[in-house]
Amino acid sequence: MRVLKSALFLLPLLLSAADTPRLITETDLYAFQWIGNAQISPDGSKIVYVRVTVTPKHDNYDTDLWLVDAKGGAPRQITAGPRDQLPRWSPDGKTLAFLRAPEKDGKPQPAQIYLLSFDGGEARPLTEIPKGASSIVWSPDGKSIGFNSTTQPKDFEKPGKEEESDVRVITKAVYRSNGAGFLEIGRPAHIWTVPVPKVFTSAQKAKQVTTGEFTEGDITWSRDSAQIYFTSNRVLEPYYDAPDADLYVVSAAGGDIKKVASIDGPITSLALSPDGSKMAFTGAINRGNGVIQRSYSQPDLFLANLETGSAPKNLTANYDFDIAGGVGGDQAPPRGGGASKPYWSPDGRYVYVVSGEQGKANLKRIDAETGKVEPLTAGDQDIYSYSSTAYGSKIATLVSTPTNIGDLFLTDGKTGKMQQLTHMNAELFAKLKVTAPEMIWYKSFDGKMIQAWVQKPPDFVEGRKYPMILNIHGGPHSAYGFTFDHEFQYMAAKGYIVLYPNPRGSTTYGQDFGNIIQYHYPGDDYLDLMAGVDEVIKRGWADPDKLGVTGGSGGGVLTNWAIGHTDRFKAAVSMRSIADWRDFWYTADFSQFTPSWFRGAPWEHEEDFKARSPITYIEKIKTPTMLIEGDADLRTPPAAGGEQMFRALKYKKVPTVMVRFPGESHELSRSGKPTHRIERLQHIVGWFDKYVQGMDVHTYDVK
């Protein structure tokens, strides 16, 4: 009896211990669920969204569609997947169109448009187009769907006996793209339409609307469904000029196109006014007061009068933040995402759009006449996607915070009040000890105020000094902020303080702050970062003798630069970086023919390229360095970055290792193979454990 009493007494303690939240791990990513591309029904009663999960083999991601009542309740799965995305409601709300990539012989085929009737039945294909469909948009009358495709008439012909040559004849400076590989020469994405019959029995014949050498995008139907507006850059070799795209219109039946509006820069994200007389769009002006193309051009909201044809009006010229901007983390949906567009109030008085302000992304209401900007939503959050009912009485918003990967909220179009409808990772996160970072501001060397976040270990004790990792964002024109980042949470769980600042050059702080690094990158932004390190040490949180530094892309550049200018860091992990700007200029997947980062070609400005290349300072580097590279990275090719650093540091006998990920592009940390994303985190922390904390790690011993 005495033994039984003891066991009964211990049972509550055991249960309590089991319920105690644990530290987050790198492998928790396998259980993450992401939510993307939420679309609210025309009457505002239902919302469909894309759910993204890791495949059972942990080698990729599955996408399927789910439906939730706007009043709340349990979501339900409406398609089986595993490659369903881009849902779009019919105008009457009775049918859902979406893209599905069917499988043949174990391989995904080009995505086709499928229709799912809410009157019952299975989803059925509407198109059978050889190169597949993308960017689907219903016509207002519900009789047609517009879409993009690279399909050409010859693709419908039966293949002949003679196989096409696999030799590429390349005539353009931009001929490949990170993630996509070699571009399909002579295959621009044109506009097509496909009819939606009242009685649907089989796939329908699609019709090509536009032809020619140029790609068209941003499909937007006129109110009477008779015309299609779109954006396009009608220049054969656009890389010789600053970025650009103009607004055009074409009859839905095809024919000649007409230019409607133009600015000194690219036009994107079209939104037609309720009466069809005006077009709101986002755009970025290439040049400021001078004639030189800016490195960073802050996006604004413009308004074009379609009836008068007058020059578009910049509604937010006096609003010094990023229209349609946001913040970056490593947990945006790795598949199944979708761009959001501005939307109008029913009376045509206001345009609503998300804006990036000081590490936050919230919805704004903008007066279409005066340009006055007012908040609709507020909070330390990242609204990374949204869609509205006809003219915004209700908005489906996808929101991420530093402690939540992302969930669906219903937002009231008048008050901005938000009601949470999903809890995608609630079951998992109930088991985890996840804490919010502390946001700080500090003064840099020249008096500029820099915003940063400090992710502390979950069991942080005030007065104790912790090892610290400085984590630098890429871009360089991007921003950290109030969004979830698994990497920071994982590093903190392993006992590190993580400092992640937004140095000059970052977005969401105004035009001048973003562009100030033009022709000076890297440089003063490095000083901003080091001022942040000093600030955290001054606050008594970080051990000055246990500092590490890491970053990817532009952050990799600054990591390489930092260890060439200071010995304060005990270890560095540089990811998908650039070592020599000259080699990068010749090998990256995009051209730098326009003077945005450099004033000309390497042979024209040799000293500038050399002075700003981290490899120039290799002689000074003593810091043990890990180089992480994706073998298929075409944005920052390894030969222009990590490979150079590795070879030079090995020559100098500085402890170094290069970690290569087969098949991975520049997007390794955000949408790479799940197993690779986890191994990447393990290697980063493993290197810091060895050289910052002095742990007995033998993974990187020379063998």
Looking only at segment 243-280, how many residues end up being buried (at least 18 other Cβ atoms within 10 Å of the Cβ), in the same structural domain as residue 191 (by TED's automatic domain parsing), farther than 30 Å from residue 590 by Cβ and hydroxyl-bearing (Ser, Thr, Tyr)?
0
Within segment 281-320, considering residues that are in a strand (DSSP E or B) and small (Gly, Ala, Ser), the one surrounded by the most Cβ atoms within 10 Å (Cβ to Cβ):
283
Surrounded by fewer than 23 Cβ atoms within 10 Å (Cβ to Cβ) and not assigned by TED's automatic domain parsing to the domain that holds residue 407, is that true of residue 38?
no
For segment 194-242, what are the residues that are at pLDDT 95 or above, of a type in the set (A, V, I, L, M, F, W, C) and either surrounded by 19 or more Cβ atoms within 10 Å (Cβ to Cβ) or not in a loop (DSSP other than H, G, I, E, B) (or both)?
194, 196, 206, 209, 219, 221, 228, 230
Condition met for residue 330 (part of a loop (DSSP other than H, G, I, E, B), modelled with pLDDT of 95 or more and in the same structural domain as residue 413 (by TED's automatic domain parsing)):
no
Inter-residue pairs, beta-carbon under 6 Å, first farther than 10 Å from residue 581 by Cα and in segment 605-634, second of a type in the set (S, T, N, Q) and in a strand (DSSP E or B), 6+ apart:
625/656; 627/574
Of the conditions (1) surrounded by 15 or more Cβ atoms within 10 Å (Cβ to Cβ); (2) over 30 Å from residue 88 (Cβ atoms); (3) aliphatic (A, V, I, L, M), residue 185 fails just one. Which one is it?
(1)
Being of a type in the set (S, T, N, Q), over 19 Å from residue 695 (Cβ atoms) and surrounded by fewer than 22 Cβ atoms within 10 Å (Cβ to Cβ) is the requirement here; does residue 518 meet it?
yes
Just the residues that are within 23 Å of residue 672 (Cα to Cα) and either under 22 Å from the mean Cα position of the chain (by Cα) or crowded, with 19+ Cβ neighbours inside 10 Å (or both), please, taken from segment 580-599.
584, 588, 589, 590
Count of residues meeting criterion [among the β-branched types (Val, Ile, Thr), under 18 Å from residue 688 (Cα atoms) and not in a loop (DSSP other than H, G, I, E, B)] in segment 611-665:
5
Looking only at strands (runs of 3 or more DSSP E) that fall completely inside segment 375-488, which ones have 1 or more residues that are under 16 Å from the mean Cα position of the chain (by Cα) and not assigned by TED's automatic domain parsing to the domain that holds residue 532?
382-388, 394-401, 404-412
All-but-one check, residue 675 against (1) in a helix (DSSP H, G or I); (2) touching a strand residue (DSSP E or B) at 6+ places or on another chain (Cβ under 9 Å), failing number (2)
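The values are calculated or read from the model by the stated rules, or taken from the named source; none is laboratory data. Just so we're clear, the structure is a prediction, and the values are computed from it rather than from any experiment. Quick reminder, even Gly has a Cβ in these numbers, built from the backbone with ideal geometry, and neighbours come from all protein chains shown.
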